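The values are calculated or read from the model by the stated rules, or taken from the named source; none is laboratory data. Just so it is clear, the model here is predicted, and its values are computed rather than measured. Cβ atoms come from the backbone with ideal geometry, glycine included; neighbour counts cover every protein chain shown.
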Amino acid sequence: MNLKLNKKKVLTAAAGLFTISSAMAQNDSIPRVTPFSGTSDYRTWSIGVWGGGSAAVAPFGGPNDFGSYDFHNVGLVYGAYIKKQIFHAFGLQLDFMRGKVKGSQKNDQEPFSLVNVGGSESIDGITKFKTDINWSASLSGVFTLGTINWLNKQATVTPYVSAGGGVIAYRNQVAASDDNYSYTYNGNQVNAKPDSKRSFFIPVGVGAKFNVSRGINIDLAYKLNFVNSPYFDGVAGYKGRDDKFSSLNLGLEFALGDKHKPQLAVVNPAAQLAMDLWDRNQYLKEQLKESDERNAAAVQELQQKLDDANKDTDGDGVPDIHDKCPNTESGVRVDGAGCPLPQPKQIIEKEKVVVTQEDRKVVDEAIKDLQFDLSKATIRPESDASLDRVAELLINKNFSLKLAGHTDNTGNFNSNMRLSKERAEAVKEYLVSKGANPSRIEAVGYGSTQPIATNKTAEGRQKNRRVEFTLY
C-alpha cells in the first residue's frame, strides 16, 4: 500500500475541510448570553470524530523497541468522543479509538528473538511489528489554554492540553525482514490468532480547536499514549520498558443542544460581557431619547396652551379665554368682558318693507344652491347665479338681509365658530361686490351651537353645515 499517496489524500481532504468550514463561519453571528448566570445559556455537550496517523515513536520517555520513523511505518487510527464542558477552561472527554500501529528497528539495533510456545526453536531476526487496536476507551481531562481574544468577539482558535487514563485492547504480530508475520502474546510467538490483550494506558495530548461555525470546530491534536505493558509491540525489548506510541489526528467536533446557544468551550467571556455592556448602553440611550421626545412634546403642548390663551378671535382686544361675548362685530366698542357697550339711542324712521312669497323663493333657491370648498370659506362658482338674483333683489327692493353661518360638531369648537363666521362674511362680500348695500347685510357665525339635525349621522351633519338667509 502506498502510504505517501494516502498521506497526500489526507492533507488534501483536510485543506478542503478548512475551506468549507471557514466559508460556513463567515456569516455566523455570536449568540447572546447573560454573564455570571452559570452554564444554562451555553451548550456544554459535544461529540467528535477524527482520523489520523500513528507511529511507534515519542519525543520523550526513552527509546522504543522499534524506533525507526518513515512513512512505511505510519499506521492509520480513527475514533470518536463525547465531551462534557464543566467550565470555560475545563471539560471531561470520553474517547474511543481503533486502528493500527506499526514500527521497525533502526539499522544500528540488534534484532529480537522469540520463543515458539509449545516448541523449542527460537525465532530470530525480529525487526518489525504491527499491532491492531481492537478498541480502546479512556476518560481525559481537557484544559483549554485560552478562550479570551481581545481582537475578535469570538475565540476562533482555542489551544488545549489533555491527560487521562483508560483501557486498550490489542493484538500484535512481529516479523523478520521477509515480512512473514507471526502472532505473539506476552512476548512469545503463538501459532494461532490469540485473544486480544488488555492493558491500562495513559493518553496525553496537545492540540487546538478552530471554531468555523456555530457549534462546529475543527480539532487538530497530537497524542502520546503510554501503554502499561512492554508487549504492545510484541517483544519485551530493552530493559523491559513499557511501550508507547503517538498519533497526529484531525477531526470535527459538533456541539449538542439548542443551536441558538453558544458552545461553552469556545465562547469568549470578555466579548460576551462587552456585548452585555453594549446592550445596556444602547438601552439607556433609547430611554434618554424617549425622555427628550416626551419633554419636547410637553413644551409644545404648553406653547399651544399659551397661544390659545392669547387668541382673540373676534379682534375686540379681549382674549377668548376671558371673552364673554366672543362674536362681537368688528369696530364695536366693548367692555372688559368683551361685550358691546351700550349705544346711544337713535330714533330712526323705518319704511315699511313687504317681503313677498316670490322674494322668499329667490332666497330659498340661493340657500339650496350655495356651496363652499371643503373646510374653507371659498364659494364655488355653481352658487353664483342664485346669489346674483339675491343681490338684485336687495338692490331693487332695498331689503335688509341677515346671514347666519352654521357648522356640524366635527372638529375644534373655536375653529367651527371661525369657519361659520367666515362663510357668512364671504356671502356678504359677494353680494356687496354685486352692488348690494353693505350696511343692510348682517353676517354672523354660530358654529355648531344651533344644529337643525343630529350630528351622529352623515346626513344630519350635512344639514347642519349651512348659511341661513333672512330677509326683512
Checking the conditions here, which among LYS102, LYS106 is assigned by TED's automatic domain parsing to the domain that holds PRO203, out of contact with any Pro (no Cβ under 8 Å at 6 or more places or on another chain), over 30 Å from VAL49 (Cα atoms) and at pLDDT 70 or above? LYS106
Take the residues in region 209-267 that are within 28 Å of the chain's Cα centre (by Cα) and charged (D, E, K, R), then tell me which one is surrounded by the fewest Cβ atoms within 10 Å (Cβ to Cβ). LYS259
Can you pull out every residue in region 360-415 that is under 19 Å from GLU442 (Cβ atoms), part of a helix (DSSP H, G or I) and of a type in the set (Lys, Arg)? ARG360, LYS397
Run down ALA274, ALA309, ALA265, ALA337 and say which single residue is of a type in the set (A, V, I, L, M, F, W, C), modelled with pLDDT under 75 and either assigned by TED's automatic domain parsing to the domain that holds GLY91 or closer than 30 Å to LEU145 by Cβ (or both). ALA274
Go through (1) at pLDDT 85 or above; (2) over 34 Å from the mean Cα position of the chain (by Cα) and name the single condition LEU288 misses. (2)
Residue, nearest to LEU264 (Cα to Cα), within region 58-86, restricted to residues that are at pLDDT 85 or above and part of a loop (DSSP other than H, G, I, E, B): ILE86
Taking region 441-458 only, how many residues are buried (at least 16 other Cβ atoms within 10 Å of the Cβ) and over 22 Å from CYS325 (Cα atoms)? 0
Consider only pairs whose beta carbons are under 7 Å apart and that are at least six residues apart or on different chains; among these, list those whose first residue lies in region 184-195 and is without any contact (Cβ under 8 Å) to a residue 60 or more places away in the chain and whose second residue is part of a strand (DSSP E or B) and not basic (Lys, Arg). LYS193/TYR183; PRO194/TYR183; PRO194/TYR185
Looking at region 186-202, is at least one residue closer than 25 Å to ASP70 by Cβ and in contact with a Leu (Cβ under 7 Å, 6 or more places away or on another chain)? no
Kindly check whether there is at least one residue in region 358-372 that is farther than 28 Å from ASN464 by Cα, at pLDDT below 85 and surrounded by 15 or more Cβ atoms within 10 Å (Cβ to Cβ). no
For region 416-467, enumerate the residues that are touching a His at 6+ places or on another chain (Cβ under 7 Å) and in a strand (DSSP E or B). ARG466
Selection status of VAL161, surrounded by fewer than 18 Cβ atoms within 10 Å (Cβ to Cβ) and within 48 Å of the chain's Cα centre (by Cα): yes
What number of residues within region 454-467 satisfy the criterion of being more than 11 Å from THR407 (Cα to Cα) and either of a type in the set (A, V, I, L, M, F, W, C) or in contact with a Gly (Cβ under 8 Å, 6 or more places away or on another chain) (or both)? 2
